[in-house]
Amino acid sequence: MRLSNKVALITGAGSGIGREAALLFAKEGAQIVVCDLNESAGKETVSQIATQNGEAVFVRADVSKAADTKAMIEAAEAAYGKLNVLFNNAGIFHPADGSVLETEEDVWDLTMNVNLKGVFLGCKYGIPALLRAGGGSIINTASFVAMVGAATSQSAYTASKGGVLSLTREIAVEFARQNIRVNALCPGPVETPLLAELMSDPARRQRRLVHIPPGRLAQAQEIANAALFLASDESSFVNGSTFLVDGGITAAYVTAE
Ligand code: NAD
């Protein structure tokens, strides 16, 4: 029960890493506010939590919209009286996101709005709630791509995640003396719907697998485990970190055969 008596809000909790984290945080005793753009997916997470005797509510929110993010934080406090953990996890990877020469402005704008502005808005409206609760933990999802370049470009996605890293550091330093910790979770490639289209092509999959030291993608649960550590008081002196859970990709030059 590493999160007993805590209320955790998770965005993008209708799928992938967010859903796994919601199930895990609930098992560890937290009351969960499941937020997603996709109502049926979010409600499915809530019912999965109920089947394991956990407690959760669903709030539909588009994290790129200020009114929605403000309302999701208000809904958390209305449902459970406080907010202790904010996991800004929602993100998109647009199929038309490519080289800087090819990526269209609308793809850039949408990606920035969800992946970066969504984190900004989550923090903007979430921090006052954490302060009211006496402090708390914020986990902002960036990615290993914020640390290394790739010739298989995804310009908007990569730039958005770089922004999440910088924003996270700034907030972590500003609010540390008010008992708020903020860390950037940086997963390597994970087997989730986000990468399904890309990884279903054997050639594109292999082009990437060769650079991953363990020779496989992560499972969503392996990322949720790291999020749990950052959410819990076990990480009480971890703040402003670039928390890599990437199988060693960013440490590698030549991988084993
Ligand atoms: P996913 O596609 O499985 O789930 C993302 C969820 O976010 C979906 O339920 C979707 O409906 C929701 N969502 C999308 N736009 C939203 C919006 N505007 N408002 C609210 N919810 C929205 O993705 P995932 O792989 O679980 O990714 C979760 C996070 O991890 C993302 O930020 C992603 O960039 C990051 N990440 C993923 C990988 C990977 O390889 N899968 C690697 C590094 C980082």
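The values are calculated or read from the model by the stated rules, or taken from the named source; none is laboratory data. What you are looking at is a predicted structure, and each value in this text was computed from that prediction instead of being measured. Because the Cβ atoms are built from the backbone with ideal geometry, glycine has one as well, and the counts that use them run over all protein chains shown. With ligands, DNA and RNA removed, areas are computed over all heavy atoms of the protein, side chains included. Shrake-Rupley method; radii C 1.70, N 1.55, O 1.52, S 1.80 Å.
Tabulated data for the structure shown
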item: Whole-angstrom gap from the stretch 66-91 to the stretch 209-252, using each part's C-alpha centre; result: 24 Å
item: Asp201-Lys65 pseudo-label distance in nm [points 7 Å out on the Cα-to-Cβ vector]; result: 3.3 nm
item: Local net charge near Tyr125, Cβ-Cβ under 14 Å (Lys/Arg +1, Asp/Glu -1); result: +1
item: R0 of 41 Å, Cβ-Cβ distance Lys43-Val254: FRET efficiency to nearest 0.05; result: 0.35
item: Computed label-point distance, nm, for sites Asp109 and Val238 using a 7 Å Cα→Cβ extension; result: 3.8 nm
item: Distance from the stretch 146-169 to the stretch 172-196 (C-alpha centre basis), Å; result: 13 Å
item: Residues with amide H under 5 Å from that of Lys6, placed H, sequence gap 5 or more; result: Gln31
item: Relative contact order of the stretch 7-244, pairs being alpha-carbon contacts under 8 Å that are 6 or more residues apart, as %; result: 20 percent
item: Accessible surface ranking that places the most exposed of Met72, Met147, Met1 first, with a 1.4 angstrom probe; result: Met1, Met147, Met72
item: Asp106 accessible area, assembled protein chains, probe 1.4 Å, Å²; result: 110 Å²
item: Net charge contributed by nearby residues that have their C-beta within less than 12 Å of Asp109 (K/R +1, D/E -1); result: -3
item: Options Ala224, Asn84, Thr152, ranked by Cα towards positive dipole end of the chain, top entry (Cβ charges); result: Asn84
item: Restraint check, Lys27/Lys82; Lys27/Lys117; Lys27/Lys65; Lys6/Lys117; Lys70/Lys117, Cα-Cα greater than 22 Å; result: Lys27/Lys117; Lys27/Lys65; Lys6/Lys117
